[in-house]
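Take a look at the structure set out below.
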Amino acid sequence: NAGVTQTPKFQVLKTGQSMTLQCAQDMNHEYMSWYRQDPGMGLRLIHYSVGAGITDQGEVPNGYNVSRSTTEDFPLRLLSAAPSQTSVYFCASSSGPRTTEAFFGQGTRLTVV
Amino acid sequence: GNSVTQMEGPVTLSEEAFLTINCTYTATGYPSLFWYVQYPGEGLQLLLKATKADDKGSNKGFEATYRKETTSFHLEKGSVQVSDSAVYFCALRTYMGRRALTFGSGTRLQVQP
């Protein structure tokens, strides 16, 4: 059972380039989210989705786009990469109730030069 | 809004020492509380959770009690091992607003032999 799968694991981009971080889950979870992890700041929510076709902004959405065309997939797009977007990105999924935990992917380490 | 405050790290202990990592929270609505652990180079894994006041979550010798009166969820372990070296995150989730996890900044634990 794969759980939450993120690709790629590592990526180096030049400033201004665009790319898509992929996230897929096989648990039929309705709720998916993207976080970035920076030293001393914990994980901050970028975007989230409560179901296919429904997305909304988190705490730090600027410079990122998302879409949710299927229950399984929730890609994160960087439109024009900036050095401030150097971070580790995590995708997570969970079922609806507040009492259930989120399951995380292994993360993508992104460096923007 | 929701927020989680954790004690600053790193915390350095000798093997078999007692561990406490403090966590306090502010939440709109009635949160569920979680502790996640991140081992080097990996994603986040659920360590334990509690979904209502006075619940005690436990796993792998770790414990935390949901204290509504003090808005706290401190993590404890009676005897740490070198293999417990990791970063620990306190988090909460509510029905209100985004329903995403809100994380503390994380506490790095280093256990020396």
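The values are calculated or read from the model by the stated rules, or taken from the named source; none is laboratory data. Just so it is clear, the structure is predicted and the values come from calculations on it, not from any experiment. A quick note on method: Cβ atoms are made from the backbone with ideal geometry, for glycine too, and the neighbour counts reach across all protein chains shown. All accessible areas refer to the heavy atoms of the entire protein, side chains included, with ligands and DNA or RNA removed. Shrake-Rupley method; radii C 1.70, N 1.55, O 1.52, S 1.80 Å.
Miscellaneous remarks
- When you restrict to C-alpha pairs under 8 Å that are six or more residues apart and normalise by the size of the range A:1-82, the relative contact order lands at 32 percent.
- Electrostatic tally near B:L19: other residues with Cβ closer than 13 Å to its Cβ, Lys and Arg +1, Asp and Glu -1, net -2.
- Per atom type, the protein assembly as shown shows carbon and sulfur on 48% of its accessible surface, probed at 1.4 Å.
- Placing a label point 7 Å from the Cα of A:E59 along the Cα-to-Cβ direction, the residues of the range B:24-38 whose backbone N falls under 13 Å of that point are B:26.
- Alpha-carbon Rg/Rh ratio, for chain B, with Rh computed the Kirkwood way: 0.97
- Using alpha carbons only, the radius of gyration of the protein assembly as shown set against its Kirkwood radius gives Rg/Rh = 0.97.
- Qualifying lysines (Cα of each under 25 Å from Cα of B:K77; at least 8 residues distant if same chain): B:K49, B:K52, B:K56, B:K60, B:K68
- Taken along the Cα-to-beta-carbon direction at a fixed 7 Å, the label points for A:F10 and B:S79 span 3.9 nm.
- Ratio of the Cα radius of gyration of chain A to 2.2 N^0.38 Å, where N counts its residues: 1.00
- Comparing A:M27, A:M41, A:M19 in a Gaussian network model of chain A where C-alpha atoms under 10 Å apart are linked, the largest mean-square fluctuation is found at A:M41.
- Most mobile of B:G41, B:G61, B:G29 in a GNM of chain B (Cα contacts under 10 Å): B:G41
- Mean-position separation - Cα centroids, the range B:60-94 and the range B:1-55, in angstrom: 5 Å
- Label separation (A:T20 vs B:E15): 4.9 nm, computed from points 7 Å beyond Cα along the C-beta direction.
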